[in-house]
Amino acid sequence: MGKREVVKRRKQQYESKNNLTVILIIAAFAIVIVGMVILTQYKPVGDFIVPDREVAQQRDGLTMGNPEAKVQVIEFADFQCPGCVNYWDVLEPTIIKNYIDTGKVFFTYSPFSFLGSGQAWDESSKAAEAAYCASEQQKFWEYRDLILANHNGENQGVYTRNVLLAYAKKLKLDMDTFTECFDSEKYAQKVTDSNSYAESQGITYTPSFLVNGTIVNAAELVQAIENELAK
């Protein structure tokens, strides 16, 4: 074997060794990341807030009120959205009391889950999936209240698997049914479809509301409802 061939073979061996080292480093890093994500989801659940709120008298799934009401309102919201929490905390009780329970408004909640996009554990989407699972047991609104009451910013690791299961347990849901629903990602496609629906309606921010087909923000909601009722 000539000197040139020896040098060439040694170079190939050196490059192969380096490539293997790089692959092993990447694999180890990936294992660490996956392990961290898993440990995060299974960490113990601390205390959380249980809100004392009135719910609408008439509710079914993700809707509240009389389906035949003159005004149809759709809320597009992300469970991690601070503005959505503010609407829920400040304005929604008034909307329920003055418009939904009086039969003037039929209200629908439509998840628009985008704030967790790109995260290893997408809290926006996972919270929405869990809420859909709670809806199977007629507890969507109560479950949503628990999520929003414990909001602590965007992508802060608040809505882990254990926490989302703890909310279901607090509401005395059938835990075998709920856990199977959530862990199977039964509603993952539904969450994706809900996002597509929001985008198809021209929604670009949360919370947004469609009032008889017109997009308004939270500050404009009451006036928009009143305008429709006056027609």
Apply the a/c threshold of 1.5 to the C-alpha gyration tensor of the stretch 125-168 and tell me whether it is rounded, prolate or oblate. prolate
Can you tell me how the stretch 93-148 classifies by the Cα gyration tensor, rounded, prolate or oblate, using a/c under 1.5 as the rounded cut? prolate
Whole Å is fine, so just give me how far the alpha carbon centre of the stretch 216-231 lies from that of the stretch 101-177. 27 Å
Cβ-derived FRET efficiency at R0 30 Å, Arg53 paired with Asn162, nearest 0.05: 0.80
In this model, which of Lys104/Lys231; Lys97/Lys170; Lys139/Lys190; Lys97/Lys231; Lys70/Lys97; Lys104/Lys190 are farther than 23 Å apart at the alpha-carbon? Lys97/Lys170; Lys104/Lys190
Would you work out if the stretch 91-207 is rounded, prolate or oblate? Take a ≥ b ≥ c from the square roots of the eigenvalues of the alpha-carbon gyration tensor; rounded if a/c is under 1.5, else prolate when a/b is larger than b/c, oblate otherwise. oblate
If the only charges are +1 at each Lys and Arg Cβ and -1 at each Asp and Glu Cβ, what is the size of the charge dipole of the stretch 50-203 around the Cα centre, to the nearest 20 debye? 280 debye
Putting +1 on Lys and Arg Cβ atoms and -1 on Asp and Glu Cβ atoms, find which of Tyr132, Val73, Ala120 reaches farthest to the positive end of the dipole of the stretch 69-141. Val73
For the stretch 62-75, in residue order, the Karplus 3J(HN,Hα) values (coefficients 6.51, -1.76, 1.60; θ = phi - 60°; whole Hz; Gly and Pro = x) are 9, 10, 9, x, 7, x, 8, 4, 5, 10, 10, 10, 10, 9
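All of the numbers you see were taken from the coordinates with simple rules; none came from a lab. Just so it is clear, the model here is predicted, and its values are computed rather than measured. Don't worry about glycine lacking a Cβ; one is built from the backbone with ideal geometry, like all the others, and counts go over all protein chains shown.
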